[in-house]
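**Student:** The structure that follows is given in the form of structure tokens.
The values are calculated or read from the model by the stated rules, or taken from the named source; none is laboratory data. Being a predicted model, the structure only gives us computed values, none of them experimental. Positions of Cβ are generated from backbone atoms using ideal geometry, with glycine treated the same way; all protein chains shown enter the neighbour counts. Accessible surface areas use protein heavy atoms only, side chains included; no ligands, DNA or RNA. Shrake-Rupley method; radii C 1.70, N 1.55, O 1.52, S 1.80 Å.
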Amino acid sequence: MTRHRLSDEQWELIADLFPLPAKTGRRPTDRRLVLDGILWILRSGAPWRDLPEEEFGPWETIYGLFDAWNRHGLLNKILHRLQSAAIDAGAIDQQLWCVDGTIVRAHRCAAGGGKKTIQRSRRITH
């Protein structure tokens, strides 16, 4: 599953963004392993509970850190740093951005379908 993991060069770019672990308490989970687990979920589209525990550890730990890092803006910093490196290397074309529409789901009413309503019986008046 190396395609879902960061390369060593990518990890070196972002490793300094993570805070140092506390000197007391439980041993911290390997941050690179956690980030690889988050990337696995985002790239595969699988539910959190389907995260391979033997590869990444308990899904609750990975999700908890994902939620905290997202709340504190760490994931945005990681994204910007990796994007900047890819732009500098010429791997990203800044003029063209595409979204694959085959995976974007829209609700029925987004296409003008509207809600289904139950027809009420009409009252007959003479």
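**Student:** Is there a residue in segment 21-32 that is assigned to a helix (DSSP H, G or I), open to solvent by less than 80 Å² (accessible area, probe 1.4 Å), modelled with pLDDT of 75 or more and among the polar types (S, T, N, Q)?
**Tutor:** no
**Student:** I would also like to ask the following. Of the residues that make up segment 56-66, is at least one at pLDDT below 75, of a type in the set (Asp, Glu), out of contact with any Leu (no Cβ under 8 Å at 6 or more places or on another chain) and open to solvent by 60 Å² or more (accessible area, probe 1.4 Å)?
**Tutor:** no
**Student:** Can you name the residue in segment 1-12 that is surrounded by fewer than 16 Cβ atoms within 10 Å (Cβ to Cβ) and among the hydrophobic types (A, V, I, L, M, F, W, C) and, of all such residues, is modelled with the lowest pLDDT?
**Tutor:** Here the residue is Met1.
**Student:** So which residues in segment 12-30 are within 17 Å of Leu75 (Cα to Cα) and either free of Cβ contacts under 8 Å to residues at least 24 places away in the same chain or touching a Cys at 6+ places or on another chain (Cβ under 7 Å) (or both)?
**Tutor:** Within segment 12-30, Glu12, Ala15, Asp16, Pro19, Leu20, Asp30 meet the criteria.
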